[in-house]
Amino acid sequence: MSRRSLVTGGAGFIGSNLVRALLERGDRVRVLDNFSSGNRGNLEGLTDVEIVEGDLRSYERVHTAVRGAEVVFHQGALGSVPRSVQDPLTSTAVNVEGTLNVLLASRDEGVGRVVAASSSSVYGDGGVFPRVETQLANPISPYAVAKLAAERYCVSFFRVYGLETVALRYFNVFGPYQDPTSQYAAVVPRFIRAVADGVPVMVHGDGEQSRDFTYVSNVVAANLLAADAPQAPGRILNIAAGGSETVNSLAETIGTILEKPVARTHEAVRAGDVRESWADITAARETLGFEPKIGFEEGLRLTVAALVGSSAVVVPRDRPWDIPHPS
């Protein structure tokens with residue numbers, strides 16, 4: 001049955017992929033975005049989407065967007081660890097105050113469930129691998145601190161007000177609609193564009209830092225599951241591929257896919273970065289029935305096809321949000 005779904009940050013990378021999946025299943029979709037980092041082009045051609053332009057820090061705009069929604073997918077945020085190091089005040093205001101506004105408006109409007117995006121960065125460095133949700137969080141960057149506060153607000157609103165909330169800790173998501181040109185661009189699109197253009201990839205540190213790179217369709221699927229899973233409310237869940245790849249192996253795999261050599265330059269490790277990241281996704285499997293269907297290399301092939309226009313990858317049509325879209 002068709003539902004009214006709100007996607008905050010719906011013009012962003014993950015949000016726009018989620019919007020397409022919701023439309024495909026027949027939802028009536030509304031997007032809240034201020035387009036400061038989201039791209040209007042990511043929603044191009046989606047005539048059935050209602051857009052509310054506004055900032056998460058404005059309760060009035062958030063309340064307007066939430067009104068009438070049955071499910072809220074809260075993807076809106078001011079991302080990037082380096083950006084939060086440069087401007088911790090704005091990062092905190094958007095990611096904490098903005099989340100609080102979404103929760104308040106959802107409570108006041110009787111929303112059925114809020115599925116909120118959190119981040120693996122809350123774990124920080126050290127500790128046990130793979131990461132399990134019961135581990136003590138140890139955030140390093142201001143961004144990570146803000147994300148931890150936001151997810152704890154989600155749990156609080158479930159326990160205090162009875163608002164059904166689920167917080168999903170994303171691990172290094174990549175895929176179509178991820179901007180390779182921003183000064184805060186993530187490593188996957190930056191590397192793809194650099195290798196495709198024949199210029200060196202810039203590696204912070206020695207390149208042996210590891211990440212649980214997660215293709216975006218896996219994250220989209222987790223959101224759809226979290227919106228309905230009966231045991232999900234009040235939970236915080238890792239959403240990842242459940243593996244670990246180094247930044248060096250990422251570069252080499254991209255080079256193999258593009259059939260191009262990979263040159264590197266090295267810079268100092270960035271403040272706030274973690275050395276290792278690898279998720280245990282047992283809780284998401286048990287609570288949501290989540291299973292990542294697109295692995296690391298297949299996801300990279302799909303992303304390369306989207307960013308540089310390769311037609312070498314055939315995409316299963318039964319998973320429409322896996323289809324690469326032109327950048």
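The values are calculated or read from the model by the stated rules, or taken from the named source; none is laboratory data. As the structure is a computational prediction, the values presented were derived from the model and not from experiment. Glycine gets a Cβ as well: all are built from the backbone with ideal geometry, and neighbour counts include every protein chain shown.
With respect to the conditions (1) out of contact with any strand residue (DSSP E or B) (no Cβ under 7 Å at 6 or more places or on another chain); (2) part of a helix (DSSP H, G or I); (3) farther than 22 Å from PHE296 by Cα; (4) of a type in the set (A, V, I, L, M), ALA150 lacks only one, and its number is (1). Apart from one condition, GLU291 fits all of (1) modelled with pLDDT of 95 or more; (2) part of a loop (DSSP other than H, G, I, E, B); (3) more than 18 Å from the chain's Cα centre (by Cα); the exception is (3). Checking segment 124-137 against the condition returns no match, with no residue being of a type in the set (Lys, Arg), at pLDDT below 95, under 18 Å from the mean Cα position of the chain (by Cα) and more than 19 Å from ASN238 (Cβ to Cβ).
Take the residues in segment 162-203 that are in contact with an Asp or Glu (Cβ under 8 Å, 6 or more places away or on another chain) and either surrounded by fewer than 21 Cβ atoms within 10 Å (Cβ to Cβ) or closer than 21 Å to GLU252 by Cα (or both), then tell me which one is modelled with the lowest pLDDT.
So in segment 162-203, the residues in contact with an Asp or Glu (Cβ under 8 Å, 6 or more places away or on another chain) come out as 167, 169, 171-172, 185, 189, 202-203.
From what's left, either surrounded by fewer than 21 Cβ atoms within 10 Å (Cβ to Cβ) or closer than 21 Å to GLU252 by Cα (or both): 171-172, 185, 189, 202-203.
Numbers: PHE171: 93, ASN172: 90, ALA185: 57, PRO189: 90, MET202: 84, VAL203: 84.
Here the residue is ALA185.
All of THR256, THR246, THR214 fail the test of being in contact (Cβ under 8 Å) with a residue 12 or more places away in the chain, among the polar types (S, T, N, Q) and farther than 22 Å from SER118 by Cβ, apart from THR246. Kindly check whether there is at least one residue in segment 19-40 that is in a helix (DSSP H, G or I), farther than 30 Å from ARG83 by Cα, more than 18 Å from the chain's Cα centre (by Cα) and of a type in the set (A, V, I, L, M, F, W, C). Yes: segment 19-40 contains one or more residues that are in a helix (DSSP H, G or I), farther than 30 Å from ARG83 by Cα, more than 18 Å from the chain's Cα centre (by Cα) and of a type in the set (A, V, I, L, M, F, W, C). Return yes when VAL115 is part of a strand (DSSP E or B) and either modelled with pLDDT of 95 or more or crowded, with 17+ Cβ neighbours inside 10 Å (or both) and no when it is not. Answer is yes for this residue.
Here's a check for you: in segment 118-147, which residue that is β-branched (Val, Ile, Thr) and assigned to a loop (DSSP other than H, G, I, E, B) is nearest to VAL220 (Cα to Cα)?
Our first condition is that a residue be β-branched (Val, Ile, Thr); within segment 118-147, this holds for 122, 128, 132, 134, 140, 145.
In the following step, the residues that additionally are assigned to a loop (DSSP other than H, G, I, E, B) were identified as 128, 132, 134, 140.
Numbers: VAL128: 27, VAL132: 21, THR134: 24, ILE140: 27 Å.
Checking each candidate, the answer is VAL132.
Looking at segment 207-229, is at least one residue under 13 Å from the mean Cα position of the chain (by Cα), more than 19 Å from ILE257 (Cα to Cα), β-branched (Val, Ile, Thr) and buried (at least 16 other Cβ atoms within 10 Å of the Cβ)? Taking every residue of segment 207-229 in turn, at least one turns out to be under 13 Å from the mean Cα position of the chain (by Cα), more than 19 Å from ILE257 (Cα to Cα), β-branched (Val, Ile, Thr) and buried (at least 16 other Cβ atoms within 10 Å of the Cβ). The single condition from (1) under 24 Å from ARG193 (Cα atoms); (2) at pLDDT below 80 that ILE254 fails is (2). Per the conditions (1) in contact with an Asp or Glu (Cβ under 9 Å, 6 or more places away or on another chain); (2) assigned to a helix (DSSP H, G or I), the sole criterion not satisfied by VAL219 is (1).
Among what's in segment 258-282 and is aliphatic (A, V, I, L, M) and closer than 16 Å to ASP212 by Cα, pick the residue that is modelled with the highest pLDDT. The qualifying residue modelled with the highest pLDDT is ILE281. Annotation: of all residues in segment 234-251 being modelled with pLDDT of 95 or more and surrounded by fewer than 21 Cβ atoms within 10 Å (Cβ to Cβ), the one that is nearest to VAL122 (Cα to Cα) is ARG235. The C-beta contact set for segment 70-88 (first residue under 17 Å from VAL115 (Cα atoms) and at pLDDT 90 or above, second residue among the acidic types (Asp, Glu) and not in a helix (DSSP H, G or I), distance under 8 angstrom, 6+ apart or interchain) comprises GLY76/ASP33. Selection over segment 113-132 of residues that are closer than 19 Å to ALA241 by Cβ and either touching a Cys at 6+ places or on another chain (Cβ under 7 Å) or not β-branched (Val, Ile, Thr) (or both) gives a count of 9.
Given the condition over 22 Å from GLY15 (Cα atoms), modelled with pLDDT of 70 or more and more than 18 Å from the chain's Cα centre (by Cα), answer yes or no: does some residue in segment 311-319 qualify? Quick ask: steps written out before the conclusion?
The initial filter retains those residues of segment 311-319 that are over 22 Å from GLY15 (Cα atoms), namely 311-314.
Those left that are additionally modelled with pLDDT of 70 or more: none.
No, segment 311-319 contains no residue that is over 22 Å from GLY15 (Cα atoms), modelled with pLDDT of 70 or more and more than 18 Å from the chain's Cα centre (by Cα).
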